[in-house]
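Q: There's a structure below that I have some questions on.
The values are calculated or read from the model by the stated rules, or taken from the named source; none is laboratory data. What you are looking at is a predicted structure, and each value in this text was computed from that prediction instead of being measured. Positions of Cβ are backbone-derived with ideal geometry, glycine not excepted, and every protein chain shown enters the neighbour counts. For the accessible areas, the whole protein counts, side chains as well, though only heavy atoms, and no ligand, DNA or RNA atoms are used. Shrake-Rupley method; radii C 1.70, N 1.55, O 1.52, S 1.80 Å.
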Amino acid sequence: MVAHPGASSASPTDQDLPHPRAVLVAMLPVTDIAASAQFYTRLLGLTVMREFVHDGQVTGCSLGDPRIGFALSLRWRASLEGPADLRGEHPIIWQVRDAAALERYRRHAAALGLSPTSRRHDDADLVSVIDPDGIDVLVGVPVRPWGHFRGYELTADGYRHSHDRPLIGCDEGTAAAGPSTPASSSPTPAPG
């Protein structure tokens with residue numbers, strides 16, 4: 001961090017921040033640990049690597065593969081402090097190497113009887129299946145890099161590119177945003 005004369009505290013510069021390289025562990029709240037563990041081990045080829053027990057009850061587990069460098073943790077919903085319902089949401093989008101790998105994944109999900117659907121989002125080609133808790137599991141391959149901000153608005157026809165600056169009060173992670181700049185674009189189907 002760089003100190004600025006007269007400032008009570010300095011903000012780190014972009015160069016000072018230790019940017020993450022990847023997601024190490026993602027966690028999903030589930031209603032049945034065993035059913036969800038079986039679903040994700042079959043769908044993604046993961047193995048149960050950790051298990052967490054409280055008062056004799058399994059309250060969570062982590063799935064992974066030592067070759068891939070990340071884990072998916074499943075947490076028993078009843079053991080959480082508050083409601084954690086992600087039905088209809090897509091909290092994680094898994095990335096595959098290329099379009100051929102995405103097609104292999106789609107065929108694999110179909111062979112498991114999971115009725116995969118394919119769709120194109122503005123950022124990625126996606127294949128979707130629904131897990132035992134109603135969570136939309138997306139696997140995709142990027143169609144373009146995330147080089148700049150793009151805002152989307154949900155319309156009756158799906159999401160459409162609608163603005164070029166954040167509406168949430170920050171711009172590129174550091175500065176306050178001014179008025180949004182509308183963008184004209186055809187509607188884009190939502191990823192989930």
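Q: Kindly provide the set of residues from the range 38-56 that are among the aromatic types (F, W, Y) and not in a helix (DSSP H, G or I), ordered by number.
A: Listed by number, the list holds a single entry, F52.
Q: What number of residues within the range 39-63 satisfy the criterion of being more than 22 Å from E103 (Cα to Cα) and either out of contact with any Gly (no Cβ under 6 Å at 6 or more places or on another chain) or among the charged types (D, E, K, R) (or both)?
A: Residues that pass the stated criteria total 15.
Q: OK, next. Residues in the range 57-81 that are without any contact (Cβ under 8 Å) to a residue 24 or more places away in the chain and within 20 Å of the chain's Cα centre (by Cα): how many?
A: So the answer is 3.
Q: Name every residue in the range 57-78 that is open to solvent by less than 60 Å² (accessible area, probe 1.4 Å), assigned to a strand (DSSP E or B) and not hydrophobic (A, V, I, L, M, F, W, C), in order of residue number.
A: Passing the criteria: T59, G60, S62, G64, S73.
Q: So R107 clears everything in (1) open to solvent by 70 Å² or more (accessible area, probe 1.4 Å); (2) within 22 Å of V23 (Cβ to Cβ); (3) not in a loop (DSSP other than H, G, I, E, B) except one condition, right? Which one?
A: Going through the list (1) open to solvent by 70 Å² or more (accessible area, probe 1.4 Å); (2) within 22 Å of V23 (Cβ to Cβ); (3) not in a loop (DSSP other than H, G, I, E, B), R107 breaks only (2).
Q: Another question about this same structure. Mind telling me which of the residues L86, L114 ends up being under 30 Å from A35 (Cβ atoms), at pLDDT 90 or above and either assigned to a loop (DSSP other than H, G, I, E, B) or within 18 Å of the chain's Cα centre (by Cα) (or both)?
A: L114
Q: Let me ask something else. Considering only residues that are aliphatic (A, V, I, L, M) and surrounded by fewer than 19 Cβ atoms within 10 Å (Cβ to Cβ), look in the range 125-152 and name the one that is modelled with the lowest pLDDT.
A: Per the stated criteria, the residue is V143.
Q: Going residue by residue through the range 82-99, is there one that turns out to be out of contact with any helix residue (DSSP H, G or I) (no Cβ under 7 Å at 6 or more places or on another chain), open to solvent by less than 50 Å² (accessible area, probe 1.4 Å) and over 27 Å from V143 (Cα atoms)?
A: Yes, that holds for at least one residue.
Q: Another one. T41: over 27 Å from H121 (Cα atoms) and β-branched (V, I, T), yes or no?
A: Details: over 27 Å from H121 (Cα atoms): no; β-branched (V, I, T): yes.
No; evaluated as a whole, the condition is false for this residue.
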